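J.: First the structure, which I've put down as structure tokens, then a few questions once you've had a look.
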Amino acid sequence: MNHQKMYLQPGLYLVATPIGTARDITLRALDILASADVIAAEDTRSMRRLLEIHGVPLGDRKILSYHDHSGDKSRTAILGHIAAGRSVAYGSEAGTPLIADPGYHLSREVTEAGYPVTSAPGPSAVVTALSLAGLPTDAFFFAGFLPNASGARKKALTELRDIPGTLVFYESPRRVAAMLADAAEVLGATRQAAVCRELTKKFEEVRRGGLAELAASYDDAPKGEIVVLIDRAGDEARDEGDIETALETALQTMSVRDAAESVARAFGAHKRGVYQLALKLSAKQG
Ligand code: SAM
């Protein structure tokens with residue numbers, strides 16, 4: 001037996017559950033599920049199955065269904081249990097509650113009502129993907145699911161273009177190729193990325209490459225669950241902007257050739273590319 005029954009203070013316990021392999025649950029999560037007076041879940045069937053797998057007896061407890069959009073009634077019921085001195089464990093369908101999953105409104109209301117909220121941390125696809133993608137993890141931005149329509153998706157990607165960290169998205173397998181193609185268009189074909197699929201499961205896969213290359217690698221929609229990670233804009237992109245600004249300034253006092261030479265030297269960049277850009281800018285300036 002992996003769990004221990006214990007006394008839990010009244011309050012809300014947010015319990016992380018596995019994102020694939022059932023044994024990726026913490027011992028404390030099992031203790032809380034075994035001990036809570038009330039269990040609430042986004043998906044009552046998968047919670048019941050998880051309890052069965054780990055031999056946690058449900059006893060005479062019912063599993064309440066709760067989604068943030070299931071409305072005030074179920075929230076009021078959970079708050080009522082806590083007000084009556086009961087402990088409530090809440091788990092979403094997979095991973096950590098509130099991370100692209102329900103629980104936000106519930107935990108806010110419980111906190112606002114003055115009752116304790118605590119977490120039994122565990123798996124989440126964001127962190128698992130970051131640890132495997134091979135992209136920098138010093139700073140990252142989790143953007144959840146992008147809009148489904150291409151126009152809205154490109155607009156959202158444009159807003160994220162200059163964030164100085166790895167971008168992390170949840171994506172459906174049906175849309176991943178289109179999403180990568182839009183990202184290649186907006187963020188640059190060679191920007192590095194990774195597609196993490198079926199994490200912690202039998203067919204776990206991490207595909208790495210430039211955005212355009214990755215988009216082209218999906219002929220058919222892949223199977224399973226997916227996280228897409230995209231590197232921040234590289235030095236080349238940052239330098240490009242800086243080179244353009246320096247050229248604009250130089251062109252106010254120098255010929256195209258001299259401006260190109262001086263800026264290329266300052267940035268250690270290829271003369272030819274900088275000269276082409278200087279020509280374009282000078283034509284624009286008239
Ligand atoms: N709360 C969950 C968490 O903490 O990761 C996320 C729930 S969200 C509704 C479901 C999405 O998470 C999936 O569509 C997929 O993008 C991602 N996801 C969940 N499990 C995954 C897995 N095993 N491998 C890859 N992505 C996963």
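The values are calculated or read from the model by the stated rules, or taken from the named source; none is laboratory data. Computed from a predicted model, the values in this text were never measured in an experiment. Neighbour counts are summed over all protein chains in view; Cβ atoms, including those assigned to glycine, are modelled from backbone coordinates with ideal geometry.
J.: Please verify whether Ala250 is farther than 27 Å from Ala156 by Cβ, touching a Ser or Thr at 6+ places or on another chain (Cβ under 7 Å) and touching a residue at least 12 places away in the same chain (Cβ under 8 Å), treating the condition exactly as stated.
T.: Yes.
J.: Does segment 194-208 include one or more residues that are at positive phi and polar (S, T, N, Q)?
T.: yes
J.: Scan segment 1-39 residue by residue and report those that are in contact (Cβ under 8 Å) with a residue 60 or more places away in the chain and assigned to a strand (DSSP E or B).
T.: Matches in segment 1-39: Gly11, Leu12, Tyr13, Leu14, Val15, Thr17.
J.: Same structure again: Yes or no: Glu185 acidic (Asp, Glu) and within 11 Å of the ligand (Cβ to nearest atom)?
T.: In short, no.
J.: Please verify whether Leu135 is more than 13 Å from the ligand (Cβ to nearest atom), surrounded by 20 or more Cβ atoms within 10 Å (Cβ to Cβ), in the same structural domain as Leu199 (by TED's automatic domain parsing) and at pLDDT 95 or above, treating the condition exactly as stated. Spell out the reasoning first.
T.: On the way: more than 13 Å from the ligand (Cβ to nearest atom): yes; surrounded by 20 or more Cβ atoms within 10 Å (Cβ to Cβ): yes; in the same structural domain as Leu199 (by TED's automatic domain parsing): yes; at pLDDT 95 or above: yes.
Answer is yes for this residue.
J.: Considering segment 197-220 alone, what residues qualify as being of a type in the set (A, V, I, L, M, F, W, C), away from the ligand (no atom under 11 Å from the Cβ) and out of contact with any helix residue (DSSP H, G or I) (no Cβ under 8 Å at 6 or more places or on another chain)?
T.: Once the filter is applied, which keeps residues that are of a type in the set (A, V, I, L, M, F, W, C), away from the ligand (no atom under 11 Å from the Cβ) and out of contact with any helix residue (DSSP H, G or I) (no Cβ under 8 Å at 6 or more places or on another chain), segment 197-220 yields only Ala216.
J.: Six or more apart or on different chains, Cβ under 9 Å: which pairs go from a residue in segment 55-79 that's modelled with pLDDT of 90 or more to one that's among the hydrophobic types (A, V, I, L, M, F, W, C) and surrounded by fewer than 17 Cβ atoms within 10 Å (Cβ to Cβ)? Could you list them?
T.: If the second residue must be among the hydrophobic types (A, V, I, L, M, F, W, C) and surrounded by fewer than 17 Cβ atoms within 10 Å (Cβ to Cβ), the pairs left are Gly55/Met1; Leu64/Ala77; Tyr66/Ala77; Leu79/Ala113.
J.: Mind checking which residues of segment 91-123 are away from the ligand (no atom under 12 Å from the Cβ) and among the aromatic types (Phe, Trp, Tyr)?
T.: Answer for segment 91-123, where residues must be away from the ligand (no atom under 12 Å from the Cβ) and among the aromatic types (Phe, Trp, Tyr): just Tyr115.
J.: I would also like to ask the following. Can you spot a residue in segment 78-90 that is within 26 Å of the chain's Cα centre (by Cα) and surrounded by fewer than 21 Cβ atoms within 10 Å (Cβ to Cβ)?
T.: Within segment 78-90, none of the residues are within 26 Å of the chain's Cα centre (by Cα) and surrounded by fewer than 21 Cβ atoms within 10 Å (Cβ to Cβ).
J.: In addition: Which residue out of Leu157, Leu214, Leu132 is in a helix (DSSP H, G or I), under 22 Å from Gly95 (Cα atoms) and over 13 Å from the mean Cα position of the chain (by Cα)?
T.: Just one listed residue meets the conditions, Leu132.
J.: Since Pro173 meets every condition but one in (1) more than 10 Å from the ligand (Cβ to nearest atom); (2) in contact with a strand residue (DSSP E or B) (Cβ under 9 Å, 6 or more places away or on another chain), which condition does it not meet?
T.: Of (1) more than 10 Å from the ligand (Cβ to nearest atom); (2) in contact with a strand residue (DSSP E or B) (Cβ under 9 Å, 6 or more places away or on another chain), only one is false for Pro173: (1).
J.: What residue, among those in segment 14-40 that are away from the ligand (no atom under 12 Å from the Cβ) and acidic (Asp, Glu), is farthest from Leu58 (Cα to Cα)?
T.: Once the filter is applied, the top-ranked residue is Asp31.
J.: Sticking with this structure for a sec: Checking Arg175 against (1) surrounded by fewer than 17 Cβ atoms within 10 Å (Cβ to Cβ); (2) within 26 Å of Thr17 (Cβ to Cβ), which test does it fail?
T.: The single condition Arg175 does not satisfy is (1).
J.: From the list Asp258, Asp220, which residue is part of a loop (DSSP other than H, G, I, E, B), without any contact (Cβ under 8 Å) to a residue 24 or more places away in the chain and among the charged types (D, E, K, R)? Can you show your working first?
T.: Values: Asp258 fails: part of a loop (DSSP other than H, G, I, E, B).
Of Asp258, Asp220, the one residue that is part of a loop (DSSP other than H, G, I, E, B), without any contact (Cβ under 8 Å) to a residue 24 or more places away in the chain and among the charged types (D, E, K, R) is Asp220.
J.: Just to be sure before I move on: is Ala100 aliphatic (A, V, I, L, M) and exposed (fewer than 13 other Cβ atoms within 10 Å of the Cβ) in the structure I sent?
T.: no
J.: Restricting attention to segment 221-244, which residues are over 16 Å from the mean Cα position of the chain (by Cα), within 15 Å of the ligand (Cβ to nearest atom) and crowded, with 16+ Cβ neighbours inside 10 Å? Walk me through how you get there before you give the answer.
T.: Pass one, segment 221-244, residues over 16 Å from the mean Cα position of the chain (by Cα): 221-224, 233-244.
Keeping just the survivors that are within 15 Å of the ligand (Cβ to nearest atom) gives 221-224.
Answer for segment 221-244, where residues must be over 16 Å from the mean Cα position of the chain (by Cα), within 15 Å of the ligand (Cβ to nearest atom) and crowded, with 16+ Cβ neighbours inside 10 Å: just Pro222.
J.: Regarding segment 188-196, can at least one residue be identified that is in a loop (DSSP other than H, G, I, E, B), over 26 Å from Ala139 (Cβ atoms), touching a strand residue (DSSP E or B) at 6+ places or on another chain (Cβ under 7 Å) and not hydrophobic (A, V, I, L, M, F, W, C)?
T.: Start the filter on segment 188-196 by keeping residues that are in a loop (DSSP other than H, G, I, E, B), which leaves 188-191.
Next cut, over 26 Å from Ala139 (Cβ atoms) only: none.
Checking segment 188-196: not a single residue is in a loop (DSSP other than H, G, I, E, B), over 26 Å from Ala139 (Cβ atoms), touching a strand residue (DSSP E or B) at 6+ places or on another chain (Cβ under 7 Å) and not hydrophobic (A, V, I, L, M, F, W, C).
J.: I need the full set of residues from segment 42-70 which are outside any helix (DSSP H, G or I) and touching an Asp or Glu at 6+ places or on another chain (Cβ under 8 Å), in order please.
T.: Correct list: Glu42, Asp43, Arg61, Ser65, Tyr66, His67.
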